[in-house]
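Peer 1: Pasting in a structure now, in structure tokens, and then I'll have a few things to ask.
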Amino acid sequence: MTDRTPDGALVLGPLLRYVDDTSATIWVETADATTVTVRAGERSARARTFGAHGHHYALVELTGLEPGTQTAYTVDVGEQRAWPPVSGEGSGFPHPVIATLEPGKPLRLAFGSCRVSVSHDEAGHRAFGIDALRSYALRMAGLTERAADDDERWPDLVLFLGDQVYADETSEAMQEFIASRRSLEEPPGEELKDYEEYAHLYRLAWSDPANRWLLSTLPSAMIFDDHDVRDDWNTSWSWRRRMEATSWWHERIVGALASYWVYQHLGNLGPQGRAEDPMWQRISSYDGDGELDVTAELDELADRADQEPESYRWSFARDFDTQARLIVVDSRAARVLRPDARSILDDQEMDWLDEQMSGGFDHLLLGTSLPFLMAPGLHHAEAFSEALAEGAWGSGAARFGEWARQAADLEHWAAFEKGFRQVAELTLDVAAGNRGRAPATITYLSGDVHHSYVAEAVPAPHQGRPLVASRILQAVCSPIRNPLPRFMHAVTGGAAHRSLGVVGRGLSKAARVPAPPLAWEVTHGPWYDNNLAVLELKPAGVRMWWTAGEVTEGRHDRPVLRRVATVDLSG
């Protein structure tokens, strides 16, 4: 049984998840088995909770809403009004609303990644900087002053691109919880062990009043990265074998993926996705007495998804009429790690992505936690490391290459050259208009690397490739809160210089790595602030900006929002 919070019956949430022009889904965790009711204007919907590992959850599907409207909503748990709170820390925020999409209205999408859950005070700010998400929430709520370059229109949704939680680098609060149930001297020590510890970690991540309010009123979509499970997750076959040899890994990965399904993945799915999901169908069709407990089925799903990645798809896609298609790709769980057949996506996942990569939209957006286009110097270094690990310079160099991949986090798209080339070719195919009308832009949205930037790509010269009609962009926003050590700034900044790209390509060429199908450079950035970015679609391009929090007048509890950079590619 979960501990009760000051909200009583409501442990966590509500989180506003998938919202379209006429429907919305609201996710909650409750203290007990119950029925949850959501009311928005004249519409209402209810759902029974389902149980997992002693916790209780509900996803309420509200339909019949009017397009382009903002409707305040409430949440009842059983017969008790649970949200919005009438007293306590969360009572000073505006009433949560459901803002449905308006067909044809230019889409605004916030995005970012890498957010640690530590205190929002002077000590927390000194150690990890200011939480950009919380600063954005305070500004959205009208609790901090509007800057001259602020825009009063808020995003239509936020896309979290990995490391929503850190299972391997835990806070003091998380360690206190772990120590209350097991010894920190036992493996895995201060890291997470099981579902129960993940449930507490999500509670720490999403219960701050400002962030909790934002998540209740701004629709969200999410995809994992390595720290949601463990640093370097699925970097290589040797990494995986080392983890599987431990006494604790199996419980960890099952807890990670089972809790991910409940806390993150379920809310990503629209009506069709939920209808096609066997686990959700089991939950939504249940009409028996008492609460349905899916612990066994959920753990089985997680275990099978880890051992047989093709058995479950974490990637998802959705269309915003003909204005845009958003494709969010799992670039972690679906990897092929065999040394003789590495790929960042397995065959089934690549086939699915192939089907989704279509023209006919004004814009194509691809979310991937790992940047598809890194600074050229870093890209070629990673491609070189893979070639070494595969024996391009002999067995001794292969061992060094494998060691370097893990020691230096050489685990991005470039370190899986086959998959990178396949997706680059798909991108060029769409951009050339071979899959329907070419979109104005094809934009990769990513995080992971703890610095933010924009890169632009064109077909590689001297390869006889046709011209393309689409601008090919990479936009990165990382971190939301977990800054890169200062000594690394020079490394990442230098890697963006053209000269290092030439040197890096010389190395990869010497290891017989084929030239990539794309040529690109970093055009804006890098920036090292804790940021949340916003992208707005325009008829001929995109406009993006990065925002950060700033403490003024010593008010660590109320950081103001400031603009870090604006990149206008709409002309």
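Peer 1: Starting from segment 411-436, take each residue that is modelled with pLDDT of 95 or more and surrounded by fewer than 24 Cβ atoms within 10 Å (Cβ to Cβ) and list its partners that are part of a helix (DSSP H, G or I) and acidic (Asp, Glu), counting only C-beta distances under 8 angstrom and pairs at least six apart or across chains.
Peer 2: Correct list of pairs: Leu426/Asp354; Arg435/Asp429.
Peer 1: Which residue is modelled with the highest pLDDT, if the candidates are limited to segment 512-540 and must be surrounded by 19 or more Cβ atoms within 10 Å (Cβ to Cβ) and among the small types (Gly, Ala, Ser)?
Peer 2: Ala533
Peer 1: One residue is enough: does segment 321-329 have a residue meeting the conditions of a type in the set (Asp, Glu) and over 30 Å from Val542 (Cα atoms)? Walk me through how you get there before you give the answer.
Peer 2: From segment 321-329, those of a type in the set (Asp, Glu) are 321; that's our starting set.
Going one step further and asking which of them are over 30 Å from Val542 (Cα atoms), we end up with none.
Among the residues of segment 321-329, not one is of a type in the set (Asp, Glu) and over 30 Å from Val542 (Cα atoms), which makes the answer no.
Peer 1: When the residues of segment 281-322 are filtered to those that are among the aromatic types (Phe, Trp, Tyr) and touching a residue at least 60 places away in the same chain (Cβ under 8 Å), which remaining residue is nearest to Tyr195 (Cα to Cα)?
Peer 2: Initially, segment 281-322 is screened for residues among the aromatic types (Phe, Trp, Tyr), giving 286, 312, 314, 316, 320.
Right, trim to touching a residue at least 60 places away in the same chain (Cβ under 8 Å) and you get 286, 314, 316, 320.
On the way: Tyr286: 23, Trp314: 18, Phe316: 24, Phe320: 35 Å.
The qualifying residue nearest to Tyr195 (Cα to Cα) is Trp314.
Peer 1: Please specify each residue of segment 191-243 satisfying the condition of being among the charged types (D, E, K, R) and without any contact (Cβ under 8 Å) to a residue 40 or more places away in the chain.
Peer 2: Initial filter on segment 191-243 (among the charged types (D, E, K, R)): 191, 193-194, 196-197, 203, 208, 212, 225-226, 228, 230-232, 240-242.
Across segment 191-243, the qualifying residues are Arg241, Arg242.
Peer 1: Determine if segment 344-353 includes at least one residue that is closer than 30 Å to Arg108 by Cβ, modelled with pLDDT of 95 or more and either out of contact with any Lys or Arg (no Cβ under 8 Å at 6 or more places or on another chain) or of a type in the set (Ser, Thr, Tyr) (or both).
Peer 2: Yes, there is a match, as at least one residue in segment 344-353 is closer than 30 Å to Arg108 by Cβ, modelled with pLDDT of 95 or more and either out of contact with any Lys or Arg (no Cβ under 8 Å at 6 or more places or on another chain) or of a type in the set (Ser, Thr, Tyr) (or both).
Peer 1: Something else about it: With the checklist (1) out of contact with any Leu (no Cβ under 9 Å at 6 or more places or on another chain); (2) closer than 21 Å to Val38 by Cβ; (3) hydrophobic (A, V, I, L, M, F, W, C) in hand, flag the one item Trp249 doesn't pass.
Peer 2: Among (1) out of contact with any Leu (no Cβ under 9 Å at 6 or more places or on another chain); (2) closer than 21 Å to Val38 by Cβ; (3) hydrophobic (A, V, I, L, M, F, W, C), Trp249 violates only (2).
Peer 1: Could you list, in sequence order, the residues of segment 541-551 that are within 20 Å of Val118 (Cα to Cα) and surrounded by fewer than 19 Cβ atoms within 10 Å (Cβ to Cβ)?
Peer 2: Glu550, Val551
Peer 1: Residue check, Gly464 against (1) modelled with pLDDT under 95; (2) not in a loop (DSSP other than H, G, I, E, B), all met but one. Which one?
Peer 2: All conditions are met except number (2).
Peer 1: Of the residues Ala407, Ala397, only one is out of contact with any helix residue (DSSP H, G or I) (no Cβ under 6 Å at 6 or more places or on another chain), of a type in the set (Gly, Ala, Ser) and at pLDDT below 85; which?
Peer 2: Numbers: Ala397 fails: out of contact with any helix residue (DSSP H, G or I) (no Cβ under 6 Å at 6 or more places or on another chain).
Only one candidate qualifies: Ala407.
The values are calculated or read from the model by the stated rules, or taken from the named source; none is laboratory data. For clarity, every value in this text was computed on a predicted model and none was experimentally measured. Note: ideal-geometry Cβ built from the backbone for every residue, glycine included; neighbour counts use all protein chains shown.
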